[in-house]
Amino acid sequence: MSLFACLVCAFAIAQAKPIVVPLWEGGAPGFESRRNEPEQAKDYWVKNIHNPSLTVFLPPKEKANGCAIIVAPGGGHRELVFDAEGRDAATYLNSIGVTVFVLKYRLAREEGSPYKVETHTRQDAYRAVRLVRSRAKEWDIDPNRVGMLGFSAGGEVVSLVAYASGDGDANAPDPIDRVNGKIDFQMLVYPGPLGIPDVIPANAPPAFLLVANDDKGAARVIFTLLQKYREANVPVEAHIYARGGHAFNMGLRTKLVTLKSWTQRLADWLGDSGFLKPPK
């Protein structure tokens, strides 16, 4: 291979490498002194997250449609299943033209953690939405088509920001904090129960729900949420598979034919809902 070809190949690889963007340049508020502590990663998980961030996965330019999805991996708030519920999700969503941001949020149930789900994890989720919207032109996305996809505990992260107004602080010194943090749509895959209100508001984001019936805990969450959405007359679509248990991720490692193709149901819903169609 010629030197020129090698340089072109190296440049292409560099261009394809995901970008990591901290949610706060100076570190998370109140924990700035911990922003340089290294994360711990092994096998499928990432832990010790003190400088929450977004890993940006851009779709091929010829496929990009302006839709943006922030992915919250699961892991019980003790770890993040970053590859199977983050990177794999980004690869698939990129293939249908979606710009993806995988969220590394602070882990409230990790041993010795100083964080709380309802406070710091929610703060990370809102900041992620606001950061994505604030840089919409840079990433060539539509600020009115910003959604979240959450797996397991990541579904709880989504729920923490799905139902409130999300209004930014008009007087905030940081312009990102002035941006609205409410998501336009949500997708919950075998989610946990935290963050779901007693009553779904009429302005709740449209929802895509998916679970295996033999995942008893998450199935109860989906059944409850489905009924609440129906009572609120807010658009919702639910898929309940007979088997699969918990944490089948993107269906890449399961032997069940039904679960191997669940992501197509997600793509169908996104398309039918108009989120994959660029505005005129």
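Computed from the coordinates by the stated procedures, all read-outs in this text should not be read as laboratory data. Predicted model, so just to flag it, every value in this text is computed and none were measured. Backbone-built Cβ (ideal geometry, glycine too); neighbour counts: all protein chains shown.
Miscellaneous remarks
- Relative contact order, percent, region 159-239 [alpha-carbon distance under 8 Å, six or more residues apart]: 28 percent
- Counted residue by residue at 0.36 nm each, then reduced by the alpha carbon distance between them, the extension gain from HIS246 to ASN36 reaches 72.2 nm.
- Here the simple spin-label model places points 7 Å from the Cα toward Cβ, and for GLN264 and GLU25 these points are separated by 4.6 nm.
- Taking ASP272, ASP83 and counting other C-beta atoms within 10 Å, the order from fewest to most: ASP272, ASP83
- Taking every full run of DSSP H in the chain, the ones that stretch at least 15 Å from end to end by Cα along their long axis and average 1.0 or higher on the Kyte-Doolittle scale are 3-16.
- Estimated at 0.36 nm per residue, the fully extended path between ALA164 and GLU111 surpasses their Cα-Cα distance by 16.1 nm.
- Cut-off under 5 Å, modelled amide H: who pairs with ALA41 long-range: LYS47
- Reported to the nearest whole Å, the Cα centre-to-centre distance from region 203-228 to region 130-168 is 19.
- Cα centroid separation, region 238-261 to region 54-79: 20 Å.
- In summary, the lysines within cross-link reach of LYS61, defined as a Cα separation below 29 angstrom excluding same-chain residues under 8 places away, comprise LYS17, LYS104, LYS137, LYS182, LYS260, LYS277, LYS280.
- Between GLY251, GLY30, GLY97, the Gaussian network model of the chain with springs among Cα atoms under 10 angstrom shows the greatest mean-square fluctuation at GLY30.
- Fraction of beta bridges assigned by DSSP in region 19-272 that are antiparallel (%, nearest 5): 35 percent
- Extension reserve of the ARG178-THR119 stretch, reckoned as 0.36 nm per residue once the Cα distance is removed: 19.4 nm
- When peptides 18-24, 203-209 are sorted by average Cβ neighbour count within 10 Å, with the highest value leading, the order is 203-209, 18-24.
- Choice from LEU103, LEU226, LEU54 showing the highest fluctuation, given a GNM over the chain with Cα pairs closer than 10 Å: LEU226
- When exposed loop sites are taken as GluC sites (Glu not before Pro) in a DSSP loop with at most 15 other Cβ atoms within 10 Å, the longest stretch of the chain clear of them is 112-280.
- By the count of neighbouring beta-carbon atoms within 10 Å, fewest first, THR99, THR263 end up ordered THR263, THR99.
- Over region 19-272, relative contact order from alpha-carbon pairs under 8 Å, at least 6 apart, %: 14 percent
- Of PHE223, PHE82, PHE101, the sequence from fewest to most neighbouring Cβ atoms within 10 angstrom is PHE223, PHE82, PHE101.
- Note on the chain: with a GNM built from Cα contacts shorter than 10 Å, the maximum mean-square fluctuation among MET187, MET148, MET250 falls on MET250.
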